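Notes to accompany the following structure.
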Amino acid sequence: MKRFVCIIACITILLNVSTVSAYSISAKAAVVIDGYTGEILYSLNCDQRLPMASTTKIMTALLLCELGGDLTKEIVTTREMVTVEGSSMGLQVGDTVSYHDLLYGMMLASGNDAANTTAIAIAGSVSKFVDLMNERATQMGLKDTHFVTPSGLDAEEHYTTAYELALIAKEALANKNFAKAAASQSARLSYGNPPYNRTLTNHNKLLKMYDDIVGVKTGFTKKSGRCLVSASKKDGKFVIAVTLNDGNDWADHRTLLDLGLSLIETKSFLPENSEIEICTVSGNKIKAEIPSATINITENSSVTYQVYLPPFLYEPIKKGEQIGHICYYCNDNMVSDIPITANQNINYSNNKFALFFEIFKSILSKV
């Protein structure tokens, strides 16, 4: 069993990143966050509870990816599953459809039938699935989000905020199956009775309008207005933008994504005392270099690090062998975990203390 000593320190940051005092967009509420850390880069009424239409399907699709297991699994639709108003992927009663195709039916065609079918297939009923959605929101620490439908159809207590919707998108984009679907301009699927091939096209026009876009989801009802969640990755930077009730969302999101990327600066960090020495059980000392990290930061970022090393090492040790690791944190979010390796060989010693420590090591490993 390895025992580690933790060294905690803070790196001082001096930046020349410009601040955003005011920005004119058409949305009732908006936010841009760092997709890695969740830090807010720009906001407009970002904590105001508002309806979010089909951007709700981000949570529905995430739960499908997390709880559905093998996405090639197929189900046969029932009347309860497909009887729902609004946008559709074209499901009918008795169709055979896979979880994979339901995922793409939600993310590309924004199918309410796909969302309803997912809810009943995963949880047995829409109401039970909605409970899962709200439980997942609670797990994420969201305080101003509440779901009533899996599709985003209007309901009195169906709401979120721009900021919390961005956090849901951040969580969802960390799932590789979700991320792949969200970034797809089109998909060739096969479902029906019997299944036949068909192509769905993504409603998210930003996938063609903006370079480096990686999703995410559109939404609209008369009550909510136009809602949009987008994300962009460029030069190692990752930003997520959300607008709620925005009549000019395509243009606003191009502006917001550009703004967010411009407010992130990439810097290299290295502790002041980057060379360390660790004793071995026989009294030898071994040197190691603490590696640097390249981190995306903003004007308000705070970078800290923790070095994890054992209190002593056991011979033999080979050059390049991992002897510990360093974790870098930006605003308390871990952004890098890098191994610390030995930069020399240390052979086994016949020192009598070494035998004692070998026995002690054996005892520790059984604790």
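The values are calculated or read from the model by the stated rules, or taken from the named source; none is laboratory data. Bear in mind the structure is a predicted one, so any value in this text is a computation, not a measurement. Every residue, glycine among them, receives a Cβ derived from its backbone with ideal geometry; neighbour counts consider all protein chains shown.
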- Note on the structure: By my count, strands (runs of 3 or more DSSP E) wholly in the range 133-243 with at least 3 residues that are touching a residue at least 12 places away in the same chain (Cβ under 8 Å) and basic (Lys, Arg) are 225-234
- Task: Return yes when Asn248 is exposed (fewer than 14 other Cβ atoms within 10 Å of the Cβ) and either aromatic (Phe, Trp, Tyr) or outside the structural domain of Ala342 (by TED's automatic domain parsing) (or both) and no when it is not.
- Result: yes
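Might you check whether a residue that is surrounded by fewer than 15 Cβ atoms within 10 Å (Cβ to Cβ) and small (Gly, Ala, Ser) occurs anywhere in the range 207-223?
To start, the set of residues in the range 207-223 that are surrounded by fewer than 15 Cβ atoms within 10 Å (Cβ to Cβ) comprises 208-209, 211-212, 222-223.
Keeping just the survivors that are small (Gly, Ala, Ser) gives none.
No, the conditions are met nowhere in the range 207-223.
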- So, first residue within 20 Å of Ser292 (Cβ to Cβ) and in contact (Cβ under 8 Å) with a residue 60 or more places away in the chain in the range 315-332, second residue among the polar types (S, T, N, Q) and crowded, with 18+ Cβ neighbours inside 10 Å, Cβ within less than 8 Å, six or more apart or across chains; the pairs are Cys330/Thr37; Cys330/Asn296; Cys330/Ser301; Asn331/Thr37; Asn331/Ser301
- Just give me the residues in the range 294-315 being more than 18 Å from Phe238 (Cα to Cα), in a loop (DSSP other than H, G, I, E, B) and at pLDDT below 85, in sequence order. Pro311, Phe312, Tyr314, Glu315
- When you look at Asp144, is it touching a Lys or Arg at 6+ places or on another chain (Cβ under 9 Å), more than 25 Å from Ser184 (Cα to Cα) and assigned by TED's automatic domain parsing to the domain that holds Phe220, yes or no? yes
- Identity of the residue in the range 33-87, acidic (Asp, Glu) and in a helix (DSSP H, G or I), that ends up nearest to Glu156 (Cα to Cα): Glu80
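Assess whether Ala123 counts as being touching a Pro at 6+ places or on another chain (Cβ under 8 Å) and either of a type outside the set (A, V, I, L, M, F, W, C) or without any contact (Cβ under 8 Å) to a residue 60 or more places away in the chain (or both).
no
For (1) within 23 Å of the chain's Cα centre (by Cα); (2) at pLDDT below 95, each residue gets a yes or a no:
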{"residue": "Val229", "(1), (2)": "yes, no"}
{"residue": "Ser232", "(1), (2)": "yes, no"}
{"residue": "Asp235", "(1), (2)": "yes, yes"}
{"residue": "Ile240", "(1), (2)": "yes, no"}
{"residue": "Asn248", "(1), (2)": "no, no"}
{"residue": "Ile264", "(1), (2)": "yes, yes"}
{"residue": "Leu270", "(1), (2)": "no, yes"}
{"residue": "Ser274", "(1), (2)": "no, yes"}
- Enumeration of residues in the range 250-293 that are under 26 Å from Tyr314 (Cα atoms) and part of a strand (DSSP E or B): Glu275, Ile276, Glu277, Ile278, Cys279, Thr280, Lys285, Ile286, Lys287, Ala288, Glu289
- Message: Could you list, ordered by first residue, the pairs with Cβ atoms under 8 Å in which the first is in the range 41-68 and on the phi > 0 side of the Ramachandran plot and modelled with pLDDT of 95 or more and the second is part of a helix (DSSP H, G or I) and buried (at least 20 other Cβ atoms within 10 Å of the Cβ), at least 6 apart or interchain?
- Response: Asn45/Ala162
